[in-house]
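Enquirer: Pasting a structure here, questions to come.
The values are calculated or read from the model by the stated rules, or taken from the named source; none is laboratory data. Remember, predicted model here, so these are calculated numbers, not experimental data. Neighbour counts run over all protein chains shown; Cβ positions are idealised from the backbone, glycine included. Heads up: the accessible areas ignore ligands, DNA and RNA and are worked out on the full protein's heavy atoms, side chains in. Shrake-Rupley method; radii C 1.70, N 1.55, O 1.52, S 1.80 Å.
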Amino acid sequence: MAKFKRINNMMRYINNRQQFTLSELMTEFDISRSTAIRDIREIEDLGVPLVSEPGRDGGYFVMHNNLLPAVQFTNDEIKAIFISFMATVNQQLPFLNNRQTISEKLLGIVSETQQDELITLKKILQFENTNPNNPDLIDLSDMPHPKLNELISLLLQSQFVQIQIASHNHDFFVQHIFNAGGQWFVEAIDLHDEKQTNFPINAIQNMSLGQNPSRFNHQNIDKLIATITPKDNLTFTLDSVAIQRFKDTHPHSGRLAFLDPFQLSAQFSTVIDINNNSDLDYFSDWMFFLGSGITNISMPHELSERIQTKALAWM
């Protein structure tokens, strides 16, 4: 993996320069002379037209400064990419401004036979986000919230950001951005309170790169996360029926880990606030919804009592 990444970075480095030497590659990528020579040979095998110039001031240059060689996809890989793209309709993908344009470009790089196959796939395959009466219909929800792209662009520079919510500025270390129930959320650590919090993207009013406080280097952040993250107090396994119901509705928090390659069994773990009646009501109702397919249940005494009370009331 490290070599593959180095080769890709080296190809970009080479393509952006008129000329380069082995010494420059050795310095840029911290590699030996023999490794640099082997990498150049591999890059030539990939189709990059390199020309060498012997002599004291010689080196290598890219003939006509050609672009990087085009990536070649197999027929099945093209189908997989197209089907994956179809399945994401109305998923509010970040950076997705024009689905039609992307689809046309994808169709434009394949042969006519492949185009016919992809168009047929579009007709016969329907996903849960597809409108059966009008498969070509893309709901407004397909467009991401404008703050989503902006936040991701900031996070690519630094995970320390300042975010304005309800007219108040907060300094956060953003851990994750996740989608739940058709809405995007931010999981972050409030650096002032040193507490973990979740909030929806649409609650953000403004944002900017934040300052990285000296006491919060990445090592200290890892220690803080380990300290403030509560331990799971609700865990259970799910069979295939319960997994399907889980996909229909589930809490924002928690983790579902599949236990077999066919995704017929899984384990769910999360933290619930035993002092929050809304949490206890939600999880007790939700576990009834999952049905008898959940087993090996470990839960707080408070949740167990709430489930028993509701079971008696429904008898």
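Enquirer: Nothing charged except the Cβ atoms of Lys and Arg (+1) and of Asp and Glu (-1): what's the magnitude of the dipole of the chain about its Cα centre? Round to the nearest 20 debye.
Expert: The dipole magnitude comes to about 480 debye.
Enquirer: Turning to a different aspect of this structure: Of [x] 37, 22, 18; [y] 46, 30, 21; [z] 43, 37, 17, which is the value of semi-axes √(5λ) of the Cα gyration tensor in Å derived from the coordinates here?
Expert: Computing semi-axes √(5λ) of the Cα gyration tensor in Å and matching it to [x] 37, 22, 18; [y] 46, 30, 21; [z] 43, 37, 17 gives [y].
Enquirer: Residue-wise, which Karplus ³J(HN,Hα) couplings in Hz belong to the stretch 274-286, taking 6.51 cos²θ - 1.76 cosθ + 1.60, θ = phi - 60°, and x for glycine or proline?
Expert: 5, 9, 9, 4, 5, 5, 4, 5, 4, 5, 5, 5, 5
Enquirer: Which chymotrypsin sites (Phe, Trp or Tyr not before Pro) does the stretch 219-315 hold that lie in a coil by DSSP with at most 10 other beta carbons within 10 Å?
Expert: Passing sites in the stretch 219-315 are Phe262.
Enquirer: Accessible area, 1.4 Å probe, largest first: how do Tyr13, Tyr60 sort?
Expert: Details: Tyr13 25, Tyr60 45 Å².
Descending order: Tyr60, Tyr13.
Enquirer: Using protein chains only and a probe of 1.4 angstrom, how many square angstrom of His176 are accessible, to the nearest 10?
Expert: Near enough 100 Å² of accessible area.
Enquirer: Right, here's the next one. Just to check I understand the Karplus step: with θ = phi - 60° and J = 6.51 cos²θ - 1.76 cosθ + 1.60, what whole-Hz values come out for the stretch 295-303, glycine and proline as x?
Expert: Running phi through 6.51 cos²θ - 1.76 cosθ + 1.60 with θ = phi - 60° gives 9, 6, 8, 10, 8, x, 4, 5, 6 Hz.
Enquirer: Quick one: longest stretch of the chain between exposed loop GluC sites (Glu not before Pro), exposed meaning at most 13 other C-beta atoms within 10 Å and loop per DSSP?
Expert: Free of exposed loop sites, the longest segment is 1-127.
Enquirer: Just to make sure I understand: if all protein chains stay in place, what is the order of Asp222, Asp171 by accessible area at 1.4 Å, largest first?
Expert: Asp222, Asp171
Enquirer: Using only DSSP helix segments of four residues or longer, with each worth -39500 (n - 2.57), what per-residue ellipticity at 222 nm results for the chain after dividing by its residue count and rounding to 500?
Expert: -12500 deg cm²/dmol
Enquirer: Provide the solvent-accessible area of Thr295, counting protein heavy atoms only and rolling a 1.4 Å probe, rounded to the nearest 10 Å².
Expert: Probe radius 1.4 Å; accessible area of Thr295 about 70 Å².
Enquirer: Another question, then. May I have the count of lysine pairs in the chain with C-alpha atoms under 15 Å apart, counting pairs 8 or more residues apart or located on different chains?
Expert: Taking the Cα cut-off of 15 Å, the pair count is 6.
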